[in-house]
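As structure tokens, the structure follows; a few thoughts come after it.
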Amino acid sequence: MKNKAHLPTNYELTNSYDLKQTKLNLIIQITFIIIAGIFVLIAFLSNLEFSSENNGTVALITILSVNIYMILHELTHGVSISMLSKTKSRYKFRFPFLTTGTDAYLNKLSFITVCLTPSMLWGLILGILMFFIPQNYLLSLYIVLALNFAGSAGDYLQVVLVLKTPKDSLVKDDGTKTNIYGMKKTE
């Protein structure tokens, strides 16, 4: 099934979810904590050396880097959506989330690609930078790298939910709700 700008007439809403729902939000928070915990454990077990001459400057750089990363993460979703669907994306701030939405109906593969592209792309870029960054800024970069994966917990949950749908499903995520559409049942 190709991506669509409009819902085909033989499709109907089969499921809808909002990541702010208590149960889904709890799953996201637990996933975030587990992934962040793994990064803390890796740092301790691998004896990563984080040193800095100016902790105040590094803290400021870390805060700035985290905010820039969050914007880049959402922009990466948006660019992925635009490339795959030939439509524009919309961005929203819904505390504590930044969200990207679209009016396009994406097939499963496109939707999964949109969900995973920021985590994989920025994970690769940040991982490579770990080998080249000055020692004073290693902790800042490591925090952003950990946030890249832990902060993508909602994206991972969406992938799991969409993987459970039929092959010909279409998905529309407007940044508030994710709606899944399937072919109408013929009687």
*Test for L124: is it out of contact with any Gly (no Cβ under 7 Å at 6 or more places or on another chain) and more than 19 Å from G175 (Cβ to Cβ)*: yes
*T22: hydroxyl-bearing (S, T, Y) and loosely packed, with under 15 Cβ neighbours inside 10 Å, yes or no?*
yes
*Where residues in region 28-56 are more than 30 Å from P134 (Cβ to Cβ) and touching a Gly at 6+ places or on another chain (Cβ under 9 Å), which of them is modelled with the highest pLDDT?*
T31
*asked:* Any residue that is assigned to a helix (DSSP H, G or I) and closer than 20 Å to G101 by Cα - is there at least one of those in region 28-42?
replied: yes
_Which numbered condition L126 misses (of (1) open to solvent by 20 Å² or more (accessible area, probe 1.4 Å); (2) in contact (Cβ under 8 Å) with a residue 12 or more places away in the chain)_ = (1)
*Does S85 satisfy the condition of being among the small types (G, A, S), touching a residue at least 40 places away in the same chain (Cβ under 8 Å) and more than 28 Å from L41 (Cα to Cα)?*
yes
*Would you mind finding the one in V79, V40, V58 that is among the aliphatic types (A, V, I, L, M), more than 17 Å from L170 (Cα to Cα) and touching a Leu at 6+ places or on another chain (Cβ under 8 Å)?*
V58
*asked:* For region 52-74, give me each residue that is without any contact (Cβ under 8 Å) to a residue 12 or more places away in the chain, open to solvent by less than 80 Å² (accessible area, probe 1.4 Å) and under 15 Å from the mean Cα position of the chain (by Cα).
replied: N67
*Counting only residues that are closer than 17 Å to V160 by Cβ and open to solvent by 50 Å² or more (accessible area, probe 1.4 Å), which one in region 1-19 is farthest from the chain's Cα centre (by Cα)?*
T14
*Hey, among F39, F44, which residue is open to solvent by 90 Å² or more (accessible area, probe 1.4 Å) and more than 16 Å from the chain's Cα centre (by Cα)?*
F44
*Residue check: is K172 under 24 Å from N10 (Cα atoms) and either at pLDDT 95 or above or not in a helix (DSSP H, G or I) (or both)?*
yes
_Complete set of residues in region 68-118 that are part of a helix (DSSP H, G or I) and either farther than 28 Å from L129 by Cβ or at pLDDT below 90 (or both)_ = S85, K108, L109, S110, F111
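The values are calculated or read from the model by the stated rules, or taken from the named source; none is laboratory data. In this text the structure is predicted, and so the values were computed from the model without any measurement. Neighbour counts are summed over all protein chains in view; Cβ atoms, including those assigned to glycine, are modelled from backbone coordinates with ideal geometry. Only protein heavy atoms, including side chains, enter the accessible area calculation; ligands, DNA and RNA are left aside. Shrake-Rupley method; radii C 1.70, N 1.55, O 1.52, S 1.80 Å.
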